[in-house]
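One structure is given here, and the rest of the page talks about it.
The values are calculated or read from the model by the stated rules, or taken from the named source; none is laboratory data. Since the model is a prediction, treat every value here as computed from it, not as a measurement. Counting neighbours? That spans all protein chains shown, and the Cβs are built from the backbone with ideal geometry, glycine included.
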Amino acid sequence: MSSVSDVSGARRHQVLSGLLALAVLCAAWLALAQRASAARDLDVGFADYLYGSINEQERDLWLDRTVDANADIVRVNLYWSSVATSKPSAPRDPSDPAYNFQMIDNAVRGAEARGLDVELTVLSAPPWAEGGGRPRKAEPGTWKPDPRAYGDFAHAVAVRYSGAFPAASPAPLPVVEYYQAWNETNLDTYLAPQWKGKRNRSADIYVPLLNEFHDEVKAVNPEAEVVAAGTAPYGDPPGGPRRTQPLRFFQEMLCLDRRNRRGKCPKGGKPKADIFAHHPINREDPPREKADFKGDVEIADVHLLAEAVRKAEKLNTIATPGKHPLWADEVWWQTDPPDRKEGITLEKHARWTAEGLYLLWKQGVSKVIFLQFRDAEYRRGEHALASYQTGVYTYGGEKKPSYDAVRFPFVTEREGSGNKLRAWGVAPESGELIIEAKRGRGGYQQVGAKRVSEGKVFTDRLRAPGGRLKLRATVGGERSSVWVQGKAGKRNRKAGRRGARHERHRGHHGHEGHRSR
């Protein structure tokens, strides 16, 4: 039997050993930290109908809070069929009495007043601009939209938000920087038909729309940038009938074959766009989980789309020259509370949000836009995704932990199986950034420092032992969420979940787009 003094001595030895290990960690980290070269930027934003609310007080509240979250951009859906309440006699004139732009004007004015960029997503054809023979099962606004009519409407929209259009105010409406041609064009929820037998038709329908849209926007404002429609993450096998896998859609739109070699261009010829976009929505999957099926694209698979764009640039199969940025302009997870069926915990939501930002940046994405900023109202027992609880605020107005993950994301990642560690984040302020680490039950100790600039990505490659660590970063008066770094060699994602997800992602309960947002 050990004496009391023996037990006390053993405890003192454990504490001293732990402190010594942390001191060695700090010394090694400070001595071996490598200054990274200037990192690529990453802008972050949100999409939410609140930005165009007719309630001015509500609109101002949520735009102000969006700015406080260090957002750079807001995404606003402009439903052509809602703005064009009847067929206009002068479709290229934004003053035509058939048009009602009130909610869009609200969002654009509010964003501009706060220094936020706007991505205006123009979608959903009015009945008079759809193709003939639309079946009853087709969603309104989706059936073979008329490219010429879409171009006329794009012209009217670009004139209205050119910075010179007076509207009903003494001051002209602001300039919109980014115009997006349609939404999730690989789903029949937004564009139909996707297939004719085994032949995919989505790119043939979409590229003429994109090219007309591009030409009309640029004719009004050559400085504006046109964003191709963001694709949804999941598709059906060849033959459809309802969805096209995003990688296939990209390849066909970009005049490539399945191996990213030069292929046949779709109707309308080479695509015209300044920026390409995708919606890497993981549903219940963590950010590092790859899609179950080849050709689907979740967060960890986005590099496949980037590779297709870069190959198309090399082969000159894009009509617009230069390098084309890639955006992830719809990213989300449901949270529990309140969604017990599909939601993830608030803590997991925060971690996955920060890690998702890092992984997308790592694969070349330059803008990430989350859906939503504030949760929609949730009714207990409602059908999956009847409403969205994906924001950084609850419906009741409380911040979720993911708010801090957007405002000051900070992530570390082990490189290989050794003791090299990469730190990454986006600085909320300029100044000296301090990185602190905690091992076991001890307190936080400074393990790194570097100068950072507000709104800029920072990176460091560090050396650290392989144990479990808690890390955080501070700059000025801001502190990041705590990042838990696992042991060296430990897998970051759980295995064995894939089979259970197959039918959900392939079937009707996969992400198919919801027009209510």
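Quick notes on this one:
- Inside the range 427-458, residues that are surrounded by 15 or more Cβ atoms within 10 Å (Cβ to Cβ), of a type in the set (D, E, K, R) and within 26 Å of ASN70 (Cα to Cα) make up a count of 4.
- Some residue of the range 365-376 being modelled with pLDDT of 95 or more and over 25 Å from LEU120 (Cα atoms): no
- LYS264 being within 18 Å of LEU210 (Cα to Cα) and either part of a loop (DSSP other than H, G, I, E, B) or among the basic types (Lys, Arg) (or both): yes
- One residue stands out in the range 135-158 among those that are closer than 22 Å to LYS267 by Cβ and free of Cβ contacts under 8 Å to residues at least 24 places away in the same chain: the one that is surrounded by the most Cβ atoms within 10 Å (Cβ to Cβ), namely ASP146.
- Odd one out for ALA319 among (1) surrounded by fewer than 21 Cβ atoms within 10 Å (Cβ to Cβ); (2) among the hydrophobic types (A, V, I, L, M, F, W, C); (3) in contact with a strand residue (DSSP E or B) (Cβ under 6 Å, 6 or more places away or on another chain): (3)
- Filter result for SER81 (buried (at least 20 other Cβ atoms within 10 Å of the Cβ), closer than 24 Å to HIS279 by Cβ and among the polar types (S, T, N, Q)): no
- Which listed residue is surrounded by fewer than 21 Cβ atoms within 10 Å (Cβ to Cβ) and either touching a residue at least 60 places away in the same chain (Cβ under 8 Å) or out of contact with any Phe, Trp or Tyr (no Cβ under 9 Å at 6 or more places or on another chain) (or both), from GLU330, GLU347: GLU347
- Within the range 290-304, being under 21 Å from THR353 (Cα atoms) and touching a Pro at 6+ places or on another chain (Cβ under 8 Å) holds for ALA291, ASP296, VAL297, GLU298, ILE299, ALA300, ASP301, VAL302.
- Reported count of residues in the range 111-128, each being surrounded by fewer than 23 Cβ atoms within 10 Å (Cβ to Cβ) and aliphatic (A, V, I, L, M), is 2.
- Subset tally (residues that are under 28 Å from the mean Cα position of the chain (by Cα) and in a strand (DSSP E or B)) for the range 463-480: 8
- Scanning the range 294-324 for residues that are part of a loop (DSSP other than H, G, I, E, B), more than 22 Å from VAL217 (Cα to Cα) and over 21 Å from the mean Cα position of the chain (by Cα) yields a single hit, ASN316.
- Within the range 31-142, strands (runs of 3 or more DSSP E) holding 1 or more residues that are among the acidic types (Asp, Glu): 43-47, 117-123
- Of the criteria (1) of a type outside the set (Gly, Ala, Ser); (2) in contact with a helix residue (DSSP H, G or I) (Cβ under 7 Å, 6 or more places away or on another chain); (3) closer than 25 Å to THR189 by Cα, which one ARG262 fails: (3)
- Residue satisfying all of: in the range 412-458; in a strand (DSSP E or B) and polar (S, T, N, Q); modelled with the highest pLDDT among these: THR412
- Which numbered condition ALA149 fails, given (1) hydrophobic (A, V, I, L, M, F, W, C); (2) within 20 Å of GLU212 (Cβ to Cβ); (3) touching a strand residue (DSSP E or B) at 6+ places or on another chain (Cβ under 9 Å); (4) not in a loop (DSSP other than H, G, I, E, B): (3)
- Tally of residues being in a strand (DSSP E or B), out of contact with any Pro (no Cβ under 7 Å at 6 or more places or on another chain) and surrounded by 18 or more Cβ atoms within 10 Å (Cβ to Cβ) across the range 176-216: 7
- Considered as a group, the residues in the range 459-479 that are at pLDDT 95 or above and of a type in the set (A, V, I, L, M) include one that is surrounded by the fewest Cβ atoms within 10 Å (Cβ to Cβ), and that residue is VAL475.
- Residue among PRO280, PRO286 that is in contact (Cβ under 8 Å) with a residue 24 or more places away in the chain, assigned to a loop (DSSP other than H, G, I, E, B), crowded, with 24+ Cβ neighbours inside 10 Å and within 16 Å of the chain's Cα centre (by Cα): PRO280
- Residue pairs whose Cβ atoms lie under 6 Å apart, separated by 6 or more positions or on different chains, with the first residue in the range 102-126 and outside the structural domain of TYR190 (by TED's automatic domain parsing) and over 29 Å from ALA192 (Cβ atoms) and the second of a type outside the set (Val, Ile, Thr) and surrounded by fewer than 23 Cβ atoms within 10 Å (Cβ to Cβ), do not occur.
- Cβ-Cβ under 7 Å pairs, at least 6 apart or on other chains, the range 47-69 side farther than 12 Å from ALA107 by Cα, far side surrounded by fewer than 19 Cβ atoms within 10 Å (Cβ to Cβ): VAL67/ARG114
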